[in-house]
Amino acid sequence: MKNISVIGAGTMGNGIAHVFAMNNYNVNLIDISQDSLDKALATIEKNLNRMVAKEKISESDKDAALSKITTYTEMKDGVVSADLVVEAATENVDLKLKIFKQMDDLAPSDAILATNTSSISITKIASVTGRPDKVIGMHFMNPVPIMRLVEVIRGYSTSDEVCDTIMKLSSDIGKVPTEVNDYPGFIANRILMPMINEAIYSLYEGVAGVDEIDTVMKLGMAHPMGPLQLADFIGLDVCLSIMNVLYDGFGNPKYAPCPLLVNMVTAGELGRKSGAGFYDYSGGGKEWILSQKFKK
């Protein structure tokens with residue numbers, strides 16, 4: 001397995017491409033937007049330059065990695081020789097189903113089709129293909145070049161051979177693969193998102209303020225980032241989407257998204273990417289400045 005196609009040149013897609021290229025795989029990075037592809041290559045080069053500056057890799061290592069990445073705006077050109085196709089598009093079920101239908105039609109019949117989804121059912125995605133045994137989840141963590149975990153999710157029909165192949169591949173690129181089964185939220189988000197939602201409920205109900213909630217979890221529980229900081233980093237729209245997946249999937253009121261979260265997303269305050277969330281990023285996002293809305 002040497003030819004990897006990555007669909008989607010956003011934050012996750014360019015990170016996945018970076019990691020495979022650094023490990024000597026041929027990478028085809030695919031996106032409908034040439035501008036997104038150009039930005040992705042610039043981001044990858046910037047991140048590699050940072051590694052050179054820290055003496056983690058050499059200049060020749062950087063050049064070799066960049067030479068491994070080819071960009072395409074047409075899926076048919078980018079997946080024609082793929083051994084593995086990794087979809088890293090927006091977390092939208094209809095979009096992912098559409099992409100997987102195309103991937104199934106255009107990729108070689110023996111290619112494995114993987115999705116980087118953080119919560120959408122692998123079994124549902126596999127159902128629109130003619131190869132459900134070769135569909136699997138590879139949930140990388142953000143930022144991909146730094147975070148070591150890959151949550152490997154088996155769909156209902158995923159074969160043992162495909163799962164074993166992806167577990168080994170994940171190890172070969174320096175990650176720690178962890179196998180889980182296909183239920184709403186998998187493991188990472190089934191545990192993480194209710195914690196974030198509960199932190200938002202605690203703020204909503206006036207139990208404590210933003211800074212206090214994040215301080216308790218950072219200093220008391222040794223979390224590197226408080227849950228409200230983390231929600232802003234992930235994107236409040238993504239948090240809401242995953243909570244809705246959990247709520248719809250289990251039908252349990254404990255997964256109902258907090259009304260404050262719903263209101264913030266409706267108002268367009270999505271966290272760091274929109275410039276405002278529980279914290280204010282109008283200064284460029286380098287500092288965590290408490291939003292005026294949540295100051296006492």
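See the values below:
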item: Geometric extent, Cα atoms of the chain - Rg, Dmax (angstrom); result: 19.6, 59
item: Spatially proximal aspartates and glutamates relative to residue 76 (Cα-Cα < 15 Å; intrachain offsets below 8 disregarded); result: 31, 87, 104, 105
item: Gain upon complete extension [residue 252, residue 208; 0.36 nm per residue less C-alpha separation]; result: 13.3 nm
item: 9 Å beta-carbon shell around residue 125, net charge (K/R +1, D/E -1); result: +1
item: Formal net charge of residues neighbouring residue 28 (Cβ-Cβ distance under 14 Å; K, R +1; D, E -1); result: -2
item: Peptide ranges 46-55, 175-184, 129-138, 227-236 listed from the most packed, as the mean C-beta count within 10 angstrom indicates; result: 227-236, 129-138, 175-184, 46-55
item: Those lysines that a straight Cα-Cα span of less than 25 Å connects to residue 56, excepting residues fewer than 8 apart in one chain; result: 2, 39, 46, 68, 168, 175, 286
item: Extended-chain gain in nm, criterion 0.36 nm per residue less alpha-carbon gap, residue 148 and residue 52; result: 32.6 nm
item: Cα shape, region 190-289, gyration tensor, a/c 1.5 rule; result: oblate
item: Inter-part distance where region 70-135 and region 7-43 are each reduced to a Cα centre, Å; result: 16 Å
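Readers should treat all values here as calculations from the given coordinates under stated rules, not as data from a laboratory. Since the structure is predicted, the reported quantities are computational estimates derived from the model, not experimental observations. FYI the Cβ positions are ideal-geometry reconstructions off the backbone, even for glycines, and counts take in every protein chain you see.
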